[in-house]
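Engineer: Right, I'll just put the structure down here and ask away after.
The values are calculated or read from the model by the stated rules, or taken from the named source; none is laboratory data. These figures come from a predicted structure and were not determined experimentally. Ideal geometry is used to build each Cβ from the backbone, glycine not excepted, and the neighbour counts take in all protein chains shown.
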Amino acid sequence: MVNYNERLDRIFAALVDPTRRAILARLEREDSASISALAQPFAIKLPAVMKHLDVLDDAGLITRSKLGRTVTVRLRPEPMREAMDWLRRYERFWSKRLDRLASYAESKEAEARKKRQ
Amino acid sequence: MTSLTLVRRIKARPSIVFDALTTPEGIACWWGPDDGPVLVAETDPQVGGRFRVRFRMLDGSEHESTGEYLEVVRPERLSMTWRWTGGAEDPGESLVEIRLRAVAEGTELTFTHSRLRDEATRRSHEEGWSGALDKLARHFLAIEQSSP
């Protein structure tokens, strides 16, 4: 079983590449696409596109289903959500702490002013 | 979004905010979670010096982070490396940068936590996928909300 961290690494690593991001963006717009249709806008050969799709598949970001001779690719949103959640956790973590830092510093400021009076 | 920036306006002068960020006494008052204690707070705020902070959550779990100060310019700038230690979830070393600017009401604090997902993430951030990721995430949220 792939653990949480490995899974996140795969998702983020998959998203690094501009071609893969373009594929995801297209699948977002079009719901599903065949592999040859996905390959069309890129100046790369079909095997290269297949490799990108393998990376996206490993990260769980797409599904591929075969009907006859056509492979249909679809976006899978769950891993993306997982990645966003991971980032939001950091945001929550710091947001709370900075609020507390602010009230602590403000009480120190009030103390310092009182002493001066 | 692999780098996170938060801005706060604080009604205290920069030197007080800076000390709250760097002294064990200050850290003990804000670093922990709500209602959870800070167990260890050690700092050596000089370039090359290290910090270590350990806190306990209400569920009893303990978390520790450590790092090295990279830049210490009281009361304006503070940056340090950041790493969760001793836990199963170690996403690698990241970078915390804090800028303090004197404003009429006190201090404007700009907090940035970056390199949140190692080298790959940093590069991807520079390539600008964060906007794309945001957009995709919003799209999925919209799908979720509209589905029966």
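Here is a yes/no grid of residues against (1) closer than 30 Å to residue B:23 by Cα; (2) crowded, with 17+ Cβ neighbours inside 10 Å; (3) of a type outside the set (Ser, Thr, Tyr):
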position: A:51; (1), (2), (3): no, no, yes
position: A:65; (1), (2), (3): no, no, no
position: A:70; (1), (2), (3): no, no, no
position: A:97; (1), (2), (3): yes, yes, yes
position: A:110; (1), (2), (3): yes, no, yes
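Engineer: If you take the residues in region A:88-106 that are within 19 Å of the chain's Cα centre (by Cα) and within 7 Å of chain B (Cβ to nearest Cβ), which one is nearest to residue B:53 (Cα to Cα)?
Structural biologist: A:90
Engineer: Search region B:24-54 for residues being of a type outside the set (D, E, K, R) and facing another protein chain (nearest Cβ under 10 Å), and hand back the single one that is nearest to residue A:92 (Cα to Cα).
Structural biologist: The selected residue is B:33.
Engineer: Next question. Do we have residue A:10 as basic (Lys, Arg), touching a strand residue (DSSP E or B) at 6+ places or on another chain (Cβ under 7 Å) and either touching a residue at least 12 places away in the same chain (Cβ under 8 Å) or within 14 Å of chain B (Cβ to nearest Cβ) (or both) here?
Structural biologist: no
Engineer: If residue A:90 meets every condition in (1) modelled with pLDDT under 85; (2) touching a helix residue (DSSP H, G or I) at 6+ places or on another chain (Cβ under 9 Å); (3) of a type in the set (Ser, Thr, Tyr) apart from one, which number is that one?
Structural biologist: Checking residue A:90 against (1) modelled with pLDDT under 85; (2) touching a helix residue (DSSP H, G or I) at 6+ places or on another chain (Cβ under 9 Å); (3) of a type in the set (Ser, Thr, Tyr), the one that fails is (2).
Engineer: Here's something else I'd like to know. If I ask for residues that are more than 7 Å from every other protein chain (Cβ to nearest Cβ) and either in contact with a strand residue (DSSP E or B) (Cβ under 7 Å, 6 or more places away or on another chain) or at pLDDT below 95 (or both), which ones from region B:3-18 would you list?
Structural biologist: B:3, B:5, B:7, B:9, B:14, B:18
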